[in-house]
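Notes follow the structure.
The values are calculated or read from the model by the stated rules, or taken from the named source; none is laboratory data. Model, not experiment: these values are computed from the prediction. Using ideal geometry, Cβ is built from the backbone for each residue, glycine included, and neighbour counts are taken over all protein chains shown. These accessible areas exclude ligands, DNA and RNA; they are computed on the full protein's heavy atoms, side chains included. Shrake-Rupley method; radii C 1.70, N 1.55, O 1.52, S 1.80 Å.
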Amino acid sequence: MKYSWKEKSLDKIIDFKNGKKRPPEEGCIPVYGGNGILSYTNNSNYSNCVIVGRVGAYCGSIYYEKGDCWVSDNAIVATAKEGNDIRFIYYLLISLQLNKSQIGTGQPLLTQGILNSITTIVPEYGTQKKIANVLYLIDLKIKNNNDINNNLEQQTQAIFKSWFVDFELNYGIMPSDWKVSQLGSIAKISTEVFSPAKNQNVEVEHYSIPAYDEKCYPVFETSNGIKSNKYRLSSNSVMISKLNPDTKRIWRPYCISDNPICSTEFIVYEPINPLNRDFIYSIIDSIGFSAFLCSHTTGSTNSRQRATPSITLTYDIVVPDEKTIRAFCSIVSPMYDTIENNIKENQKLAETRDKLLPKLMSGELDVSDFDL
């Protein structure tokens, strides 16, 4: 290595403390637990710190908060000791895979004692900052892409509501040549089955609920590792989760490969007219459709409620003339494409960051000549 690194226990570079009981839920200051932001409050107990999940399923999860925050009692807060960079500490703790240091099986636990005793090698302050900046610039680009996507999603929903709910282009009145119909008049549900048993050693592009929740990006894997039948997807498909629909999971599949498939926990819609794909996507992305989906569920518990797919085709919609649909899609389709491209770029950025992380944290990749 071209610069000096020293072996140290974490207590030499980090102050660890347990969080405190959650305050009242009001205000704009984030309250962090082991799985990220839980709520918001008017009070703070830390700022510019790293939050470590302390107990339960999210034990060892890592978050960084630059501003004021409240760290709750199911997390541990980490602050930098003098001469150390807090962003470097954030990436260092990620690299240490703290979930492997937890104790307990039924209820995993991390303690300050465990964290303090972990040893690693660390460089001096200037090198810490350079390493952190390399990784932070990647994460900043990912965040900016996510912010753009959130803004675009709000815009597409607002445009749909303006055109087809509030009829703002016609002074609040539905045009006389439009009609009220049902979703089934413009879309059908596809249940074309992909059988892993009949398609062995096939590379698939797998859209699942865990994949959506983690990165909103499909998992590419061989069919041998898939145990149950899936639905086939096409470049015209749009889909929404029927499982626990109060948590909206809506996807416009990317179809990067030849074999896009999805979990049978999704309802897959195919447009009767392929040109209407993004009009249909906007319908199932609307507040009204989400409310309809949630009101037509089966199951007695919140953890396993499911919407009934066939009933969704009875959802009442406004069907404009084809010229209006084309005009609407000409506006929103490029926005949906941008969202898709940003998600794909974020996947590549995250892969690059994750490859760089161990090399930077071990000193294998020399940053001494970097000017950041």
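For the reader, a short list of remarks on this structure follows.
- Helices (runs of 4 or more DSSP H) contained entirely in the stretch 269-343, each with at least 2 residues that are β-branched (Val, Ile, Thr) and either in contact with a Pro (Cβ under 9 Å, 6 or more places away or on another chain) or open to solvent by less than 40 Å² (accessible area, probe 1.4 Å) (or both): 277-284
- Pair list, Cβ < 7 Å and 6+ apart or interchain, from the stretch 107-119 residues that are closer than 15 Å to ILE89 by Cα to residues that are part of a helix (DSSP H, G or I): LEU115/LEU10; ASN116/LEU10; ASN116/ASP11; ILE118/LEU10; ILE118/SER101
- Within the stretch 214-249, the set of residues being β-branched (Val, Ile, Thr), within 17 Å of the chain's Cα centre (by Cα) and buried (at least 18 other Cβ atoms within 10 Å of the Cβ) comprises ILE240 only.
- Residues of the stretch 97-115 that are open to solvent by 50 Å² or more (accessible area, probe 1.4 Å) and in contact with a helix residue (DSSP H, G or I) (Cβ under 9 Å, 6 or more places away or on another chain): GLN102, ILE103, GLN112.
- Of the residues making up the stretch 59-81, none is surrounded by fewer than 17 Cβ atoms within 10 Å (Cβ to Cβ) and out of contact with any strand residue (DSSP E or B) (no Cβ under 7 Å at 6 or more places or on another chain).
- Residues being touching a residue at least 60 places away in the same chain (Cβ under 8 Å), out of contact with any Asp or Glu (no Cβ under 7 Å at 6 or more places or on another chain) and aliphatic (A, V, I, L, M) are represented in the stretch 299-313 by at least one member.
- Single residue of the stretch 1-50 satisfying the filter (in a strand (DSSP E or B) and of a type in the set (S, T, N, Q)) that is surrounded by the most Cβ atoms within 10 Å (Cβ to Cβ): THR41
- Here ALA187, ALA211 are screened, and the one residue that is surrounded by 16 or more Cβ atoms within 10 Å (Cβ to Cβ), hydrophobic (A, V, I, L, M, F, W, C) and closer than 29 Å to TYR91 by Cβ is ALA211.
- Residues of the stretch 190-199 satisfying the condition of being open to solvent by 20 Å² or more (accessible area, probe 1.4 Å) and either of a type outside the set (S, T, N, Q) or modelled with pLDDT under 95 (or both): GLU192, VAL193, ALA197, LYS198
- Residue in the stretch 143-164 that is of a type in the set (A, V, I, L, M), open to solvent by 20 Å² or more (accessible area, probe 1.4 Å), within 30 Å of VAL55 (Cα to Cα) and out of contact with any strand residue (DSSP E or B) (no Cβ under 6 Å at 6 or more places or on another chain) present: no
- Only one of the numbered conditions (1) surrounded by fewer than 17 Cβ atoms within 10 Å (Cβ to Cβ); (2) among the aliphatic types (A, V, I, L, M); (3) farther than 30 Å from TRP163 by Cα; (4) at pLDDT 95 or above is violated by LEU365, and that is (4).
- Scope the stretch 97-154; condition under 19 Å from the mean Cα position of the chain (by Cα) and more than 20 Å from TYR63 (Cα to Cα); matching residues: ILE148, ASN149, ASN150, ASN151, LEU152, GLU153, GLN154
- Flag for ASN224 being farther than 24 Å from GLU345 by Cα and either assigned to a helix (DSSP H, G or I) or free of Cβ contacts under 8 Å to residues at least 12 places away in the same chain (or both): yes
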